[in-house]
Amino acid sequence: MMESMKIHSYMNILNCLYLMEPIRLQNKFGEIDMLDKQGVYDCLHDHHIDFEITDHAPLFSMDDKPNVELPYPEWDAKNLFIRDHKREHYYLITVRGSKRVDLKQFRKDHKLKKISFGSEEELWDILKIKPGHVSPFCLLHDEERKVHYYIDADYKDNLIGIHPNQNDATVWLQGKDLVKLIEEHGTIVEYITL
């Protein structure tokens, strides 16, 4: 269906983030620039990554999914933003929407310290995103590369459906293309099996 294309250099990602017209967001944590939905699409075009877009009503959780018709529902993803108890290490976990993540087992399997969900403030401070809009694309906002990214191994050779940093659309692309883009940014990426 989609053909994998070669990702350009790290400088092209910086161009996507810093040379495009950013969206200004204001919330209780302050005003920041972020890569908006159109910015994500432009970034993917700039990197010659094939993708499809499905526009839909805003989805704030997986519970909202039954109300939306998606072309590839089996490849839709959900994201969990977690941290260790000392707030020293942060993780984004992306898994198929139908899967359940047992955080205790995940912690044991990956030899992590005690973990829990990151706060709304941490989500904003590190990834510049609000709850309900979390996506692997927001890792491109992590200038300090604080977040370790775990992605379901099911996506390695398949499609993945994720928000383009806004929850009123889903972008469908090859999982390996997403991983290359995130790795080019300098984020540590690890495939996981659940």
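Just so you know, all these numbers are worked out from the coordinates, no wet-lab data involved. Here the structure is a predicted model, which means the values were calculated and not measured. Cβ placement follows ideal geometry from the backbone for every residue including glycine, while neighbour counts extend to all protein chains displayed.
Taking the alpha-carbon centroid of each part, what is the distance from segment 90-112 to segment 154-176 in angstrom? Each part's Cα centre sits 18 Å from the other's. Evaluating 6.51 cos²θ - 1.76 cosθ + 1.60 at θ = phi - 60° for every residue in segment 97-107, the Karplus couplings come out as x, 7, 8, 9, 9, 8, 4, 5, 5, 4, 4 Hz, glycine and proline recorded as x.
Phi-derived couplings, Karplus 6.51 cos²θ - 1.76 cosθ + 1.60 at θ = phi - 60°, listed residue by residue for segment 145-162: 6, 6, 9, 8, 9, 10, 10, 3, 4, 4, 8, 4, 10, 9, 5, 9, x, 9 Hz, with x used for Gly and Pro.
Placing +1 on the Cβ of every Lys and Arg and -1 on the Cβ of every Asp and Glu, with nothing else charged, gives segment 46-194 a dipole about its Cα centre of roughly 940 debye.
Give the peptides 116-125, 138-147 in descending order of average Cβ contacts within 10 Å, highest first. Don't skip to the answer; put the middle values down first.
Details: 116-125: 15.8, 138-147: 18.5.
Ranking the peptides 116-125, 138-147 by packing returns 138-147, 116-125.
Is segment 141-194 best put as rounded, prolate or oblate by its Cα gyration tensor, with a ≥ b ≥ c the root eigenvalues, rounded for a/c under 1.5, and otherwise prolate when a/b is larger than b/c, oblate when not? Display every interim value, and only then the final one.
Working: a/c = 1.78, a/b = 1.11, b/c = 1.60.
Note, shape of segment 141-194 comes out oblate.
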